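Here is the structure we will look at, set down as structure tokens.
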Amino acid sequence: MKTGKAEENKRKKREALMHTAFELFSHEGIAHTSISDIAEKAGVGKGTFYFYFKDKYDLRNHIIAAKSGEIFIRAKNALDQTDLVLLEDKIIFLADNIISQLENDVITLRFVYKNLSWGVFESAFIEHRDTNIDFGLVFESAIRESEIKYENPLIMIYMIIELISSTCHDSILYGKPLPINEMKGYVFQSIRAIMRAQQISPEKI
């Protein structure tokens, strides 16, 4: 019983640090936010911070993994309600859903856009830290079930995520070069092009 309560307290402290850091990073910027600022506002000691995270950049990566995980889980739950078969169509559906979520959460959009990196992607999609879903397993399963095979599925997915993040940032926030509703068609066209460029011809399988 005591162990369960101790673990719950640890979870709450960690979540408090992540929630507080997200607010400070989003409004003040990472460069202008100190570990002391985060710990003080979260109501924990500075030593507690280092129990969970190496530094504020490690914390940033955990936050992005968690935020990305929340967005993806909602998109996947919506996808599970469809009868789509082709992987290409499934990816387009996920992209459309994710874009819609980012339209309604510009703070997360700004944060992910500024800080997305291969290390963060690897943390969320390969190691599935800070998420309740194994992204790697989900995509491996989708690739395995697909009749079409791809040369490097992991790189392909990373490029698609980068495309969505970078393209939609200016389109959602500033309507440049086009409003997001007009830009989506070009984004989806580019996603299909990326996937088709990665396809392995049947004779090579």
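The values are calculated or read from the model by the stated rules, or taken from the named source; none is laboratory data. Please read all numbers here as calculations on a predicted model, not as lab measurements. FYI the Cβ positions are ideal-geometry reconstructions off the backbone, even for glycines, and counts take in every protein chain you see.
Residue-by-condition table, conditions (1) within 25 Å of ILE107 (Cβ to Cβ); (2) assigned by TED's automatic domain parsing to the domain that holds ASP105; (3) free of Cβ contacts under 8 Å to residues at least 24 places away in the same chain:
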position	(1), (2), (3)
GLY4	no, no, yes
GLU7	no, no, yes
ARG11	yes, no, yes
ARG14	yes, no, no
LEU24	yes, no, yes
ALA31	yes, no, yes
SER36	yes, no, yes
GLY47	no, no, yes
LEU59	yes, no, no
Item to check | Selection from region 49-84 of residues that are at pLDDT below 95 and of a type in the set (S, T, N, Q) | outcome: ASN61, SER68, ASN77
Checklist entry - Somewhere in region 65-77, is a residue over 24 Å from the mean Cα position of the chain (by Cα), part of a helix (DSSP H, G or I) and either within 30 Å of PHE139 (Cβ to Cβ) or charged (D, E, K, R) (or both)? => result no
Item to check | Residue within region 2-9 that is in a loop (DSSP other than H, G, I, E, B), surrounded by fewer than 13 Cβ atoms within 10 Å (Cβ to Cβ) and not aliphatic (A, V, I, L, M) present | outcome: no
Item to check | Count of region 86-112 residues which are touching a residue at least 60 places away in the same chain (Cβ under 8 Å), within 18 Å of ILE64 (Cα to Cα) and either surrounded by 17 or more Cβ atoms within 10 Å (Cβ to Cβ) or in contact with a His (Cβ under 7 Å, 6 or more places away or on another chain) (or both) | outcome: 6
